[in-house]
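Comments concern the structure below.
Here, each number is a calculation from the coordinates, and none is a lab measurement. Remember, predicted model here, so these are calculated numbers, not experimental data. In this analysis, Cβ positions are derived from the backbone assuming ideal geometry, glycine residues included, and neighbour counts consider all displayed protein chains.
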Amino acid sequence: MKILIAAACALVVGIALGIVFCAATIRHLRRRVKELREIIKEGLPPEKPETMKRFVWACILNGFAWVWCSYILAALDKVQIAEELSKVALVEIIAPVAVYAGKSVLENLSKNNRWPDKGAPPEAEEDSGDETAG
């Protein structure tokens, strides 16, 4: 009986989350279509989404699903399996976020620093041109 109640609760929660996420996705996609139509009207090229961001979000959502599955297993007295699954899920959540944060830091350093091979930043070049003209 306990197993049936846990399964029924998991089913109800899954259905509710599915409905909520579908509604949110539909709302997001409609908003995105409006934005893209405005961008196309202005003649600008649409911005491309970052693949790494999507990959990190997929890993995080997958890790959260694993954590919830481990809770269900723990409720069904499968403590050993639930504990191992939780450990793997936490690694699945933390590792992609850490890698993405490191990648983001390196990208920002590369974009915003003055490296010897890059030359002067565009703002400095404009300022130097104004000084020589005056």
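Per-structure values
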{"item": "Assigned charges on the beta-carbon of Lys, Arg, Asp, Glu; the range 1-98 dipole about Cα centre (debye)", "result": "460 debye"}
{"item": "Net lengthening on full extension, Ala101/Leu44 (0.36 nm per residue, minus Cα-Cα)", "result": "17.6 nm"}
{"item": "Extension reserve of the Phe55-Asn113 stretch, reckoned as 0.36 nm per residue once the Cα distance is removed", "result": "18.2 nm"}
